[in-house]
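Chemist: A single structure is presented below for examination.
None of the figures in this text is laboratory data; all of them are computed from the coordinates on show. If you're wondering where the values come from, they're calculated on a predicted model, not measured in any experiment. Please note: Cβ atoms are built from the backbone with ideal geometry, for glycine as well, and neighbour counts cover all protein chains shown.
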Amino acid sequence: MSHPVQPQPGHYQPGQPAPYSQHPFGVPMPVVQEPKLPWGKAIAVIVAAFLVAGVIGGWAWQQFAPLAQYTVDENGGSLGEEQMTKVFGPDGAFTSIGFLAGLVLGGLLFWWLRNYGPWSVGIVVLGSALGAGIAWGVGMLLGHDPLQPRLETARPGDLLAAPLELHTWTPLASWLVGAALASAIIAALTWRSEPIATGSTPAASESSPQVH
């Protein structure tokens, strides 16, 4: 007469909760899942994401950065008091766009890679540096129009926009700061201690032989 096969401790049965590996002392430990993508493909996704973000960010910088207006006179071009306040407008616009892009995209990518280990933080931050460089290059390509050639052909009374440019390299760091901040916040919020399986029968009693 055949007897039904009883499930053994540590064996996974369909319809039961996720499997747990047996600790030498009988305490079940959660099975760590491997990353879904190899590192090479994960890095390729990060590079592609920040490449696209850099192009969009550079276009937005060229479109929305406030530029000072030079008034042309007999001596060249001059800036009034009101226009002087807009000289560093491109720097502020680039910083705002870069920080927002790094914060949002860096957060999304780190959330996706949060199980890949501490190296995911460095990869995301390095990807944001690529985005910063691409954004600067695209913005300069689209909006940097040197002032001197335009002054030579302008007439007194004309208004000429200042060329789109960064007066310091500090705004480039805004991408890195945003990505690093998002990674740090997500890492702090998603940290958990290792879960322990609970049930009506203690795991230690199931794996220990009975004493008669």
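Chemist: ³J(HN,Hα) across the range 146-162 via Karplus (A = 6.51, B = -1.76, C = 1.60, θ = phi - 60°), whole Hz, x for Gly/Pro?
Modeler: So the Karplus estimates, Gly and Pro as x, are x, 7, 4, x, 6, 5, 5, 9, 7, 10, x, x, 6, 10, 10, 6, 5 Hz.
Chemist: Do any chymotrypsin sites (Phe, Trp or Tyr not before Pro) in the range 134-175 lie in a loop, going by DSSP, with at most 14 other beta-carbon atoms within 10 Å of their beta carbon, and if so which? Spell out each step's value before the answer.
Modeler: Details: sites: 136, 169, 175; in loops: 169.
Within the range 134-175, the qualifying chymotrypsin sites (Phe, Trp or Tyr not before Pro) (loop, at most 14 other Cβ atoms within 10 Å) are 169.
Chemist: For residue 70, enumerate residues with amide H under 5 Å from its amide H, sequence gap 5+ or separate chain, H modeled in the peptide plane.
Modeler: Distant-sequence amide H within range of residue 70: 160, 161, 162.
Chemist: Say a paramagnetic label sat at a point 7 Å from the Cα of residue 96, along Cα to Cβ; which residues of the range 41-73 have their backbone N under 12 Å from it?
Modeler: Within reach of a label on residue 96, which here means backbone N under 12 Å from a point 7 Å along Cα→Cβ, the range 41-73 contributes 61, 64-67.
Chemist: Relative to the present Cα-Cα distance, how much length would full extension add between residue 158 and residue 115 at 0.36 nm per residue of separation?
Modeler: Details: separation 43, 0.36 × 43 = 15.48 nm, distance 5.84 nm.
The span from residue 158 to residue 115 would gain 9.6 nm if fully extended.
Chemist: Sticking with this structure for a sec: Quick check: residue separation of residue 75 and residue 170 times 0.36 nm, minus the Cα distance between them. What number comes out in nm?
Modeler: On the way: separation 95, 0.36 × 95 = 34.20 nm, distance 3.28 nm.
Value of the extension gain: 30.9 nm.
Chemist: Using a 10 Å cut-off on Cβ atoms, rank the peptides 179-187, 149-157 from the highest mean neighbour count down. Walk me through the numbers before you get to the answer.
Modeler: On the way: 179-187: 19.0, 149-157: 10.8.
Order by mean packing, descending: 179-187, 149-157.
Chemist: Roughly how many Å is it from the Cα centre of the range 61-96 to that of the range 125-140, as a whole number?
Modeler: The range 61-96 and the range 125-140 have Cα centres spaced 23 Å from each other.
Chemist: Can I ask one more? With all pairs of different alpha carbon atoms counted, what Kirkwood hydrodynamic radius in Å does the range 54-190 show? All intermediate terms of the calculation are to be shown ahead of the outcome.
Modeler: Details: mean 1/r = 0.0614 Å⁻¹.
Result for the range 54-190 stands at 16.3 Å.
Chemist: Here is a further query. Efficiency by 1/(1 + (r/R0)^6): what FRET value for residue 84 and residue 142, r their Cβ-Cβ distance, R0 = 30 Å, to the nearest 0.05? Intermediate values should be presented prior to the final figure.
Modeler: Details: r = 25 Å, r/R0 = 0.83.
For residue 84 and residue 142, the calculated efficiency is 0.75.
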